[in-house]
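A short write-up of the structure that comes next.
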Amino acid sequence: MDDLERAILISFDESGAVDSALKLQALAFCQQVKEAPTAWQICIERLGFTKLPQVQFWCLQCLYEVVSSRYAAMSSEEKAFVRESVFKMVCYEPVDEKNLVRVLDAPGYVRNKLAQVLATLVKFEYPVVWSGVFVDLLPHLSKGVELIDMFCRVLNRLDAELIDAESHGSDEVTTLAVASRVKDAMRQQCVPQIVRVWYEVVSSYKNSNSEICIAVLECMRKYIAWIDIGLIANDVFVPLLFDLVLGEGLDEQLRGAAASCLLAVVSKGMNFQSKLALLQSLRMNRIFSLVSRERESEFKSKVAILLAGYGAEILLCFVKLNSEEARGVSMELLEEVLPSVLRVMQNCEADLAIKIVEFLSGYVDSIKSLSPTSLSEKQLVHVGQILEMIRMHICYDPDYRHNVDVLDKIGQEEEDRMSDIRKDLFSLLRNVGRVAPEVTQIFIHTSLVNAVSSPSEKNVEEVEAALSIFYALGESISEEAMKNGNGFIGKLVPMLLSTKFQCHSNRIVALIYLETIMRYTKYVQENTQYIPMVLTVFLDDRGIRHPNVSVSRRASYLFMRVVKQLKANLVPFIEQILQSLQDKIAQFTLDISSKEFSGYEDGSHIFEAIGILAGMEDVPLEKQSEYLSALLTPLCQQVQTLLMNAQAEPVQISSTHIAIIQQNVMAINALSKGFSERLATSIRPTIGLMFKQTLDVLLQILVVFPDIEPLRNKVTSFLHCMVGILGPAVIPYLPKALDQLLNDCEGPKEMGNFLILINQLTKFRTSILDIMEEVFPIIVGRIFSVLPSDPFPTGPGSNTEEIRELLNLQKTFYAFLHLMATNELSSVLISPKSRVYLDQIMQFLLSSSRHHKDISVRKSCVQIFVILIKEWYATPHCEEKVPGFRNFIMERFATDCCLYSVLEKSFNLHDAATVSLHAA
């Protein structure tokens with residue numbers, strides 16, 4: 001063994017026994033040999049006598065790299081020597097007479113590398129220089145399976161490096177040109193001979209050497225896409241492929257390889273009329289029974305994929321061909337294969353299931369053009385089978401019942417998986433419902449009746465599936481049809497309202513039950529006799545009192561939505577509802593020392609629902625005041641008690657106490673959403689007074705807990721509501737509130753939230769002029785200290801949380817300045833305290849009106865200037881209202897914004913937003 005072989009062996013060593021420094025030396029030595037001008041010669045000579053697989057592989061890899069990168073620089077004689085040597089190796093011959101080692105005796109990975117070298121030579125030399133490479137190679141295949149195996153490896157490598165790259169849309173012009181050259185030459189010169197060899201090998205070895213037959217068939221599958229389909233789809237080759245697929249005594253991998261070849265045949269791109277004739281001639285029905293007869297195996301999966309592909313191709317013919325005859329033939333073939341495809345769907349992998357659902361969706365679309373009454377008996381049967389398949393596939397696996405019920409990690413994964421599966425299946429369901437509404441309705445009715453009558457908790461999954469199907473169908477039912485309630489809805493909704501499943505304690509059953517009732521509430525809206533039943537569903541242990549907390553919380557939210565939808569009909573039931581919810585309301589005013597508190601935040605939906613009911617003008621004033629007082633008083637008292645305790649003994653206030661305050665504010669906030677400004681200020685000022693008193697209490701939170709952000713946010717949210725409910729009556733409360741909120745309001749997120757409140761207040765116009773003159777300079781000063789003077793970065797790495805917060809602040813600031821101008825508050829900008837920022841604001845607006853990438857922002861800035869010009873622009877004989885403003889407008893705004901910005905590429909008069917900017 002010489003130095004090169006030792007170096008190669010050391011470099012390949014993965015045992016860890018070789019010293020790392022020695023391995024580095026070996027790698028360096030190998031690299032030095034590889035870079036030598038005669039590296040190709042060294043490798044070919046070495047391949048003639050070495051039997052070490054590692055050395056053989058290294059030499060072939062080196063030869064491949066030399067041919068790939070330096071072949072053009074070699075002389076004609078050197079190229080010829082390389083071609084001749086490689087060809088001899090491929091043909092199971094020694095490189096020369098002295099060295100008799102045959103590379104084909106090496107392991108498969110070495111032979112694959114040899115195939116790669118030959119494929120690379122074909123890429124450079126075929127057919128111009130080396131026209132006989134394939135023709136000369138074919139006679140050598142008679143030497144035995146070693147040569148056949150090698151020939152398959154060469155064709156596979158050629159497909160991978162050139163042909164497959166072309167079919168997958170390689171954007172390399174050179175690769176595409178070479179692939180086209182090689183394919184054209186092979187079609188003209190040797191493809192028929194290659195196909196004949198494939199046939200002879202498979203015919204000869206199918207009973208004795210399945211491994212070589214599989215290699216040939218897998219190779220053939222890749223080439224069917226671009227060779228003449230008549231070479232395969234004929235009376236000789238097709239019967240052979242079907243014999244293999246149907247040969248029960250044959251190796252299953254061999255049968256699967258034959259099925260894959262048939263899939264390549266049916267998937268062959270061609271004229272659709274010719275494709276239909278091909279599909280019809282294949283008589284694929286002879287293998288339909290395999291999907292039910294064969295046990296689960298890789299072979300059965302390949303047959304399933306074949307049938308799904310076959311169906312998809314028929315469907316494509318149906319869509320693309322317009323003649324009645326062609327569509328009729330296509331439909332016959334579709335209906336023939338459909339039962340087998342449905343059997344495949346009963347138990348298949350997720351990827352195949354997706355393809356089958358796509359096919360079934362296409363089939364349903366294909367019969368959509370027919371009116372429901374025109375569907376044949378066979379089509380109606382198939383539609384029913386599709387519905388049954390949908391029901392079966394949306395059922396959860398009972399093995400995960402406990403996991404899904406408690407929703408642990410495994411349960412969450414199962415729920416996510418099922419959610420993905422159901423998207424396409426429910427889309428298919430709705431499509432079927434449009435094509436065959438009567439069949440679909442009967443199916444759903446039967447499923448739900450069976451679920452209702454189910455006597456056992458063991459049927460959790462079936463009940464949930466039946467409810468889910470009814471829920472999913474509701475998405476495609478029009479609002480008018482929902483309200484009218486045809487016989488289908490009119491039967492099922494009352495039945496569900498009066499039902500309590502034995503498995504109702506299960507989370508997924510309870511949740512879909514509530515969601516379904518919510519979806520069909522429009523029917524109840526028109527059939528008010530069912531309102532008491534709906535209320536009972538949400539208020540008993542099927543809803544808000546369900547033992548599972550996630551169901552209870554979801555029920556609270558859905559109940560609020562039901563109240564919004566039915567509120568006009570619920571006035572007679574308010575007393576009943578409040579009485580039923582008394583214990584839930586009480587959870588918000590637990591004794592401060594109670595250990596039961598656990599953050600019942602989702603209960604805010606209950607208060608919102610009550611607020612919607614109590615806030616209706618149809619409720620008598622006395623009752624309305626009584627309801628509101630009964631709800632607000634204990635909440636406010638608890639907040640006051642905790643605030644007093646905090647002031648007396650700050651150290652004693654725990655996080656639980658703060659959470660209770662937060663929860664109470666949230667409940668009050670939710671409750672207030674049901675009341676309008678008209679009610680609280682004009683019709684029933686008593687109600688407004690109650691909210692003012694509440695506001696007095698809650699504003700104290702900002703004084704006692706100025707640094708606790710969650711509390712600040714909740715109080716700010718309540719202020720938003722009070723602006724909407726109390727209107728101008730809230731103004732006296734604003735100075736104190738805004739002063740407290742401005743404390744510790746420094747960051748972009750906090751400033752953005754504060755600005756949103758200020759923007760809402762601008763609707764009061766000059767009524768808050770004094771307040772705005774006080775807070776405006778503070779706001780602007782802080783914003784300009786936070787916003788960067790340079791443009792925001794773009795591109796990779798620019799979408800950080802910090803930049804998003806700054807962008808949101810900037811956007812809100814533009815809205816703020818625009819609202820100030822449009823709501824008669826522009827005088828605030830030139831008040832004594834604000835003048836210091838006037839020039840900075842003008843420059844900011846000017847730059848944005850010209851350069852901002854968002855046209856709507858530019859338009860907004862221009863509109864601000866237009867308003868300011870009307871208010872501040874002095875006539876020639878009057879003293880300037882704002883000294884220097886006239887010159888600024890003439891010299892800067894008129895030129896920078898009105899002239900230069902129009903010349904920029906971003907100014908596109910074909911764009912509607914740009915036109916609106918121009919109009920501004």
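So the values come out like this:
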read-out	value
Filtered residue count, segment 134-154, keeping only those that are within 17 Å of Cys213 (Cβ to Cβ) and charged (D, E, K, R)	3
Filtered residues of segment 52-75 (kept if outside any helix (DSSP H, G or I) and either under 17 Å from Asn112 (Cβ atoms) or open to solvent by 30 Å² or more (accessible area, probe 1.4 Å) (or both))	Leu52, Ser75
Any pair with Cβ under 7 angstrom, 6 or more apart, that starts in segment 883-896 at a residue that is part of a helix (DSSP H, G or I) and ends at one that is surrounded by fewer than 14 Cβ atoms within 10 Å (Cβ to Cβ) and modelled with pLDDT of 85 or more	Ile889/Ile869
Condition met for Ser498 (of a type in the set (Gly, Ala, Ser), surrounded by fewer than 21 Cβ atoms within 10 Å (Cβ to Cβ) and free of Cβ contacts under 8 Å to residues at least 12 places away in the same chain)	no
The listed residue being under 19 Å from Gly752 (Cβ atoms) and in contact with a Cys (Cβ under 9 Å, 6 or more places away or on another chain), out of Ser856, Ser789, Ser848, Ser798	Ser848
Candidate set from segment 659-694 (those that are over 21 Å from Ala609 (Cα atoms) and aliphatic (A, V, I, L, M)); member that is most open to solvent (accessible area, probe 1.4 Å)	Leu689
Qualifying residue in segment 111-134 (condition: in a helix (DSSP H, G or I), of a type in the set (Gly, Ala, Ser) and touching a helix residue (DSSP H, G or I) at 6+ places or on another chain (Cβ under 7 Å))	yes
Selected residue (criterion: farthest from the chain's Cα centre (by Cα)) from residues of segment 814-829 that are part of a loop (DSSP other than H, G, I, E, B) and at negative phi	Leu825
Any chance Lys853 is modelled with pLDDT of 90 or more, surrounded by fewer than 19 Cβ atoms within 10 Å (Cβ to Cβ) and assigned by the TED database to the domain that holds Ile771	no
Residue check, Asp228 out of contact with any Cys (no Cβ under 6 Å at 6 or more places or on another chain), without any contact (Cβ under 8 Å) to a residue 24 or more places away in the chain and closer than 26 Å to Leu278 by Cα	no
Which listed residue, of Ser827, Ser834, Ser798, is among the polar types (S, T, N, Q) and over 22 Å from Pro748 (Cβ atoms)	Ser827
Of the criteria (1) within 20 Å of Ile756 (Cβ to Cβ); (2) open to solvent by less than 10 Å² (accessible area, probe 1.4 Å), which one Ser831 fails	(1)
Selection status of Ile354, closer than 18 Å to Ile314 by Cα, open to solvent by less than 10 Å² (accessible area, probe 1.4 Å) and not hydroxyl-bearing (Ser, Thr, Tyr)	no
Test: residue in segment 380-393 that is farther than 24 Å from Ser301 by Cα and free of Cβ contacts under 8 Å to residues at least 40 places away in the same chain	yes
Enumeration of residues in segment 467-492 that are among the small types (Gly, Ala, Ser) and within 17 Å of Met392 (Cβ to Cβ)	Ser468, Ala472
Which numbered condition Ser767 misses (of (1) hydroxyl-bearing (Ser, Thr, Tyr); (2) within 24 Å of Ser827 (Cα to Cα); (3) assigned to a loop (DSSP other than H, G, I, E, B))	(3)
Residue in segment 854-862 that is touching a His at 6+ places or on another chain (Cβ under 8 Å) and either under 20 Å from Pro777 (Cβ atoms) or not small (Gly, Ala, Ser) (or both) present	yes
Residue in segment 393-414 that is open to solvent by less than 80 Å² (accessible area, probe 1.4 Å), at positive phi and touching a helix residue (DSSP H, G or I) at 6+ places or on another chain (Cβ under 9 Å) present	yes
Scan of segment 719-748 for residues that are at positive phi and in a helix (DSSP H, G or I), ordered by number	Gly727
Enumeration of residues in segment 794-813 that are part of a helix (DSSP H, G or I), exposed (fewer than 11 other Cβ atoms within 10 Å of the Cβ) and free of Cβ contacts under 8 Å to residues at least 24 places away in the same chain	Glu801
Where a residue in segment 14-33 is without any contact (Cβ under 8 Å) to a residue 24 or more places away in the chain and its partner, wherever it lies, is open to solvent by 60 Å² or more (accessible area, probe 1.4 Å), with Cβ under 8 Å and at least six apart	Ala26/Arg6
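Every residue, every condition in (1) at pLDDT 90 or above; (2) over 33 Å from the mean Cα position of the chain (by Cα); (3) open to solvent by less than 30 Å² (accessible area, probe 1.4 Å); (4) among the aromatic types (Phe, Trp, Tyr), yes or no:
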{"site": "His445", "(1), (2), (3), (4)": "yes, no, no, no"}
{"site": "Ser453", "(1), (2), (3), (4)": "no, yes, no, no"}
{"site": "Ser456", "(1), (2), (3), (4)": "no, yes, no, no"}
{"site": "Val463", "(1), (2), (3), (4)": "yes, no, yes, no"}
{"site": "Ser478", "(1), (2), (3), (4)": "no, no, no, no"}
{"site": "Gly487", "(1), (2), (3), (4)": "no, yes, no, no"}
{"site": "Cys503", "(1), (2), (3), (4)": "yes, no, yes, no"}
{"site": "Met518", "(1), (2), (3), (4)": "yes, no, yes, no"}
{"site": "Thr528", "(1), (2), (3), (4)": "yes, yes, no, no"}
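The values are calculated or read from the model by the stated rules, or taken from the named source; none is laboratory data. In this text, all values refer to a predicted model and were calculated from it rather than measured experimentally. Backbone-built Cβ (ideal geometry, glycine too); neighbour counts: all protein chains shown. The protein model used for the area step is the full one, side chains on, heavy atoms only, and it has no ligands, DNA or RNA in it. Shrake-Rupley method; radii C 1.70, N 1.55, O 1.52, S 1.80 Å.
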